[in-house]
1. Just checking, which of A60, A40 is modelled with pLDDT under 70 and open to solvent by less than 100 Å² (accessible area, probe 1.4 Å)?
2. Going by the structure shown, is A77 in a helix (DSSP H, G or I) and loosely packed, with under 10 Cβ neighbours inside 10 Å?
3. Mind checking which residues of segment 90-129 are touching a helix residue (DSSP H, G or I) at 6+ places or on another chain (Cβ under 6 Å) and surrounded by 10 or more Cβ atoms within 10 Å (Cβ to Cβ)?
4. Are any of the residues in segment 101-113 within 51 Å of the chain's Cα centre (by Cα) and part of a loop (DSSP other than H, G, I, E, B)?
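The values are calculated or read from the model by the stated rules, or taken from the named source; none is laboratory data. Every value quoted in this text rests on a predicted model; they were computed, and no experiment measured them. In this analysis, Cβ positions are derived from the backbone assuming ideal geometry, glycine residues included, and neighbour counts consider all displayed protein chains. Just the protein is used for accessible areas: all its heavy atoms, side chains included, with ligands, DNA and RNA removed. Shrake-Rupley method; radii C 1.70, N 1.55, O 1.52, S 1.80 Å.
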Amino acid sequence: MAKRLSIKAQRLAAPKWVFDWRPHQQSSFPKAMILLTMGAGFALFLTSVRIHVEPPTSWATRKASILHLTDDADGRALTLRAREGGPFPSRFEPAEWEESAAIEQSAFQVTRMPSPPYMPVLRNLPTETTPTMALAAKGEATMPPLNPDLLTRPLATTVKLAPVLSPLSGILPTAMPRSLPPFDGMVDAAISAESSRFLLNLDAAGNVLECVSLMGGDETGPPPLVDWLRSVPFSPEPTKPSRWIVVAVTFSNHPAHGPHSR
């Protein structure tokens, strides 16, 4: 017959675990005390606290009274009593007084000083028509005689119309010629009044091969202007043996002795 092992021996012979997974046997007395305490507190709360719910009060009907005052002794007395007894009592305003305007006018009449009328002092003009170079008397001014040569003397600077080129298509403003040849042709009012547009054919060296007017009428334009455009040197482009550009020609005033237009 095998020997019966005790529980202590069985526990010692059992394998050792890393964690103790066995539930610990605790006493149930603390749990019972907690339940009893919570029950007693809840019972005390139910018996001691009372909630009284009042029914909602109905709002009173909004109403007001209107008192109409007539323009008699009683009405004026009640109006004055309401103004004086209110939060903003009335006060005396001088501007509302009927006699304030008359008093103001009388005060202005007293303080206004009458000024004598202005009478300018007249002085007789000199009878001499030809000015002299003598010194003028005190209080008088005389002008020297007018020199007739100043009216017929020409101006020192003469003004001449010079052509100005503006790029329209096919060429950048930076590629425009910096200096232009002088224009010796005659410029009439019709040419100088409007801008002329020309289609130019340039070679690789920048010389003008063809010149066609885009203004209608004569296909070549005024001969002096066409000859002048043929002499304008443009910037060369060796990669383009033939190129077409459109330019506009206008006229502006330039001094005859100044630099060329560009």
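1. On the way: A40 fails: modelled with pLDDT under 70.
It is A60.
2. Numbers: in a helix (DSSP H, G or I): yes; loosely packed, with under 10 Cβ neighbours inside 10 Å: no.
Judged against the criteria, A77 is not a match.
3. Those that are touching a helix residue (DSSP H, G or I) at 6+ places or on another chain (Cβ under 6 Å) and surrounded by 10 or more Cβ atoms within 10 Å (Cβ to Cβ): S90, S100.
4. So in segment 101-113, the residues within 51 Å of the chain's Cα centre (by Cα) come out as 101, 104-105, 108, 112.
The next check asks that each one be part of a loop (DSSP other than H, G, I, E, B); those that pass are 112.
Yes, segment 101-113 contains at least one residue that is within 51 Å of the chain's Cα centre (by Cα) and part of a loop (DSSP other than H, G, I, E, B).
For every residue, the table says whether it meets (1) at pLDDT 85 or above; (2) over 47 Å from the mean Cα position of the chain (by Cα).
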{"site": "M143", "(1), (2)": "no, yes"}
{"site": "A156", "(1), (2)": "no, yes"}
{"site": "S169", "(1), (2)": "yes, no"}
{"site": "L180", "(1), (2)": "yes, no"}
{"site": "A193", "(1), (2)": "no, no"}
{"site": "L199", "(1), (2)": "yes, no"}
{"site": "L202", "(1), (2)": "yes, yes"}
